[in-house]
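This report concerns only the one structure given below.
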Amino acid sequence: MQLFINVALVIITIYTFGFGISLWKEKQKISAAAVFFLTLVIIVLPFFSIF
């Protein structure tokens with residue numbers, strides 16, 4: 001189950017990062033920065049999990 005969760009997090013992270021890149025290319029810099037921050041949170045948050 002842990003493997004499934006990690007694979008899902010990696011896929012979500014890659015998709016979110018790609019969405020941020022597409023926003024950056026469309027000259028929506030503030031929105032892209034917010035999405036990149038969300039990507040960073042997705043990467044870091046599992047390390048603070050209690051379980």
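Descriptive notes on the structure:
- Residue ID - farthest from the chain's Cα centre (by Cα), chosen from residues in region 26-35 that are among the hydrophobic types (A, V, I, L, M, F, W, C) and surrounded by 14 or more Cβ atoms within 10 Å (Cβ to Cβ): Ala32
- The condition (being open to solvent by 100 Å² or more (accessible area, probe 1.4 Å) and in a helix (DSSP H, G or I)) is satisfied by just one residue among Leu23, Leu9, Leu38, Leu3: Leu3.
The values are calculated or read from the model by the stated rules, or taken from the named source; none is laboratory data. Computed from a predicted structure; not experimentally measured. Ideal geometry is used to build each Cβ from the backbone, glycine not excepted, and the neighbour counts take in all protein chains shown. Side chains are part of the model used for accessible areas, which takes the heavy atoms of the whole protein and leaves out ligands, DNA and RNA. Shrake-Rupley method; radii C 1.70, N 1.55, O 1.52, S 1.80 Å.
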